[in-house]
Amino acid sequence: MSPVTETTKPGVVGPQSPLAHLSDQQLEELADEFDAIHDEVYADLGERDRKYIQSMIEMHRRLAVMSRVLLLASPNRLAWIAGTATNSAAKILENMEIGHNVLHGQWDWMNDPQIHSTTWDWDTASTAESWKHSHNYVHHTYTNIMGKDKDLGYEIMRIDPDQKWHPVYLGQPIYNLLLMAFFEWGVAMHDLDLEAIRKGEKPMDDVKQELKGIAGKAKSQVVKDYIAWPAVSAAANAAGSLAVSAVTGKLKKKQRSKAIADAAGAGRRAFKSTATANFTANIVRNFWSNAIIFCGHFPDQTYVFSQEEVEDESRGAWYVRQLAGAANIDGSPMFHIASGNLSFQVEHHLFPDMPSSRYAEIAPRVKDVCERYGLPYNTGPFLQQWSMVQRTILRLAFPGGEHKPKPGPYVPERA
Amino acid sequence: MAERGAQPNVPRYRRRALKAVESFFSPLLPDDYLELINPLWSTQELRGRIERIHPEADGAVTVVIKPGYKWGGHKAGQYLRIGVVVDGIHHWRAYSLTSDADRPDGCITITPKLVDAGKVSPWLTGHAKPGDIVRLGGVEGTFVLPDRVPPKLLFMTAGSGITPIMSMIRSIDRSIDRSRAYCDIVHIHSARDADRVIFGEELDRLASDRAWLDLHVQETAKAGRIEPPHLDELCPDWRDRQTYASGPGEMLDAISAHWEAEGLNDQLSIERFQPLIGGKGGDGTGGTITFRKSKVTASAQAGTPILVAGEEAGIEMPFGCRMGICHTCVGQLCSGRLRDLRTGEIHGAEGEMVRTCVNAPEGPVEMKL
């Protein structure tokens, strides 16, 4: 394919824009190519894919049960560490490879009433309903359009030099740390669309309804992680302590009150250690999902579009925006599962409703399209991508800042 | 939304116990974990395990299914929605139950016949094996014997149309000694030849053992099709009998016309496997539908189901069978009157849950959808 110099919208599309060198006809052909990849995969979906998501769901449930059992012994330091790690893994798997993807409707084709975007609920602070609106609709439709994609900086951070600076951004290194730790709560508040509420564009009834939803999610997380399971640990440890006293004969009159006090102490310790383990698991999950998601759109390579650039956007231009606005993360198969296959952010943004297990398979074909149309295919190792994001957040807390150079057309590595 | 199985008959103590520990598993349910041990334990929907599959004549198989919870019962002649996974995708079909409701082993049976171009019947007849789990939906159908079985009956069946009648015959056979009722059944069944009679052996045995059953098998390859005038020969007193007919559409059309011509309509029940939804679509007024949640108003012509009107207005409506069976599409009626497209009946009370796939508005209505 020979590069065509004629641009789609002279004057509006900047010279750096990935759209700059593509004609309307090329964009149309590109759209056909991407549509064909999607249709081909959809025609091929079947038992193998069903087995995959079922195995993920089963793995999550096994890990969850294992972590709850391990944490019965949470006063023991090793059990605490193992239980916390297992619980974190379970929560990460549940949120990312399962929850996020099921809620995208990636598995709706199975027509399974239980694994379906309309019936799924997940272990996080956002209700499935408001998440589907703010993420599936707003973010995936207006991806990386300045002023329209509310996930750009999550309305509290400046992550593109074109965002106007304001003194409030001086605090963003701190907001950033808080957001990492409490990401699920940040996302839930973000779903509310604070800007629309401030401007009075959102009916108060809707806001109340959504707040109620978040409160419900909060309550079930608090009850489960900080009351119910710690109470089970407490009961188990107190009972264990009493049993030991009984065997060693300490339940006789003189020593009875001391034995009971010991049991109460064991229960209290177990309650606390299980609660802290669960708290830690929630924080670990928040850090991880924050890191993966920030690496998806905010590394230096990604392109942010102005609203003028995307006016009357064709389907082909939409595809270009999706792939230029996203960045992948290199990694092993395990890494991809742990990231919910959002390490294939490019493929995910091109085809948000395609089962995540297929992203790795289509990646070479997406790269091939990028190469032939002179488009970027953004990717990099995790630490590199993550550091770039952090540097940007720190730098843009202060006025100014420049666009980082974009990688340009994808060139395949020569073996 | 995808179709679900029926509500199982879960013992109350069990439901309470599961409810009590729900907060340990939220947002999942205890069921989601218990299912990993045994999928039949789900209290969310009724499932069944395939116990045996045995071949019948003419490419049919009988599938014996043990429901996960005590079978809620059915009337002989009714059909069941059954959900199976074929190459990763759930498919739902309705099949006549061929068992009677009182089997001592608590099992139910269906007897699907292979339809080459189908999805579900090739799976059931060729791939399903004992131990496989299926989803069991609702039992429906009005092609049933009355509680007091009429003393004189005529069954007219052809091909796989025999399935609901087999359930009736088995049900009568199980209860007749106990009830000591008088019963006299003439059963006329048509098949290409005698080897292709589904349940042929069992029917022959019953016909020779039981005084109440008189069987005539019409081998259409040799003797040609039965035309209604033949009835005077095969069953001279057919006018005195309650008749149940089940088979291909042409046969049923001919029978309906004949009974109607003789003024015997109320003595005839027929089972069509393709329900005629909106068959009398011209009836009724149609009307406007206000979908409250979607904030859309659509208009529907006479005979247009709410579901279709909503879809055409761009609303993502829940649906399943689209024939009034599975209840996946139900929505709450806020105001207005509806016409049931299957019966023509006008109904509708405020707050009623209605199936959008078989109801059309009769005047302006409001739905909480």
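The values are calculated or read from the model by the stated rules, or taken from the named source; none is laboratory data. Being a predicted model, the structure only gives us computed values, none of them experimental. No Cβ is skipped: glycine too gets one built from the backbone with ideal geometry, and neighbour counts run over all protein chains shown.
Worth a mention:
- Taking the conditions (1) within 13 Å of chain B (Cβ to nearest Cβ); (2) part of a helix (DSSP H, G or I); (3) in contact (Cβ under 8 Å) with a residue 60 or more places away in the chain in turn, A:Asn101 satisfies each one other than (1).
- Answer residue from the stretch B:88-145, given it is over 30 Å from A:Ile53 (Cβ atoms), outside any strand (DSSP E or B) and of a type in the set (S, T, N, Q) and is modelled with the lowest pLDDT among those: B:Thr142
- Filter result (surrounded by fewer than 17 Cβ atoms within 10 Å (Cβ to Cβ) and not in a helix (DSSP H, G or I)) within the stretch B:1-30: B:Gln7, B:Asn9, B:Pro11, B:Val21
Each row is one residue, and each column tells you yes or no for (1) under 24 Å from A:Ile283 (Cα atoms); (2) buried (at least 20 other Cβ atoms within 10 Å of the Cβ).
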| position | (1), (2) |
| --- | --- |
| A:Thr143 | no, yes |
| A:Leu152 | yes, yes |
| A:Met157 | yes, yes |
| A:Gly171 | yes, no |
| A:Ile174 | yes, no |
| A:Leu178 | yes, no |
| A:Glu195 | no, no |
| A:Asp205 | no, no |
| A:Lys208 | no, no |
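- The selection criterion, being within 14 Å of chain A (Cβ to nearest Cβ), surrounded by fewer than 19 Cβ atoms within 10 Å (Cβ to Cβ) and either over 18 Å from B:His327 (Cβ atoms) or not hydrophobic (A, V, I, L, M, F, W, C) (or both), does not hold for B:Val115.
- Some residue of the stretch A:105-127 being more than 11 Å from every other protein chain (Cβ to nearest Cβ) and surrounded by fewer than 16 Cβ atoms within 10 Å (Cβ to Cβ): no
- B:Leu307 vs. criteria farther than 19 Å from B:Ala2 by Cα and either within 26 Å of the chain's Cα centre (by Cα) or outside any strand (DSSP E or B) (or both): no
- In the stretch B:311-369, the residues that are more than 19 Å from the chain's Cα centre (by Cα), in a loop (DSSP other than H, G, I, E, B) and without any contact (Cβ under 8 Å) to a residue 40 or more places away in the chain: B:Ala313, B:Gly314, B:Glu316, B:Glu345, B:Gly348, B:Ala349, B:Glu350, B:Gly351, B:Glu352
- For the stretch A:128-144, the set of residues classified as touching a residue at least 60 places away in the same chain (Cβ under 8 Å) and either in a loop (DSSP other than H, G, I, E, B) or facing chain B (nearest Cβ under 9 Å) (or both) consists of A:Thr143, A:Asn144, listed by residue number.
- Residue list for the stretch A:145-164, restricted to those being within 18 Å of A:His403 (Cα to Cα), assigned to a loop (DSSP other than H, G, I, E, B) and of a type outside the set (A, V, I, L, M): A:Gly147, A:Arg158, A:Asp160, A:Pro161, A:Asp162, A:Gln163, A:Lys164
- Of all the criteria given as (1) in contact with a Gly (Cβ under 6 Å, 6 or more places away or on another chain); (2) on the phi > 0 side of the Ramachandran plot, the one not satisfied by A:Gly105 is (1).
- Qualifying residue in the stretch B:31-49 (condition: among the charged types (D, E, K, R), under 21 Å from B:Ile198 (Cα atoms), away from chain A (no Cβ under 11 Å) and part of a strand (DSSP E or B)): no
- Odd one out for A:Gly249 among (1) more than 21 Å from A:Tyr154 (Cα to Cα); (2) assigned to a helix (DSSP H, G or I): (2)
- Take the conditions (1) free of Cβ contacts under 8 Å to residues at least 60 places away in the same chain; (2) away from chain A (no Cβ under 14 Å); (3) buried (at least 20 other Cβ atoms within 10 Å of the Cβ); B:Gly77 misses just one of them, which is (1).
- From the options B:Gly282, B:Gly286, residue that is surrounded by fewer than 14 Cβ atoms within 10 Å (Cβ to Cβ) and either over 30 Å from B:Thr243 (Cα atoms) or modelled with pLDDT under 90 (or both): B:Gly282
- Test: residue in the stretch A:43-53 that is more than 11 Å from chain B (Cβ to nearest Cβ), surrounded by fewer than 22 Cβ atoms within 10 Å (Cβ to Cβ) and either under 25 Å from A:Ala125 (Cβ atoms) or among the β-branched types (Val, Ile, Thr) (or both): no
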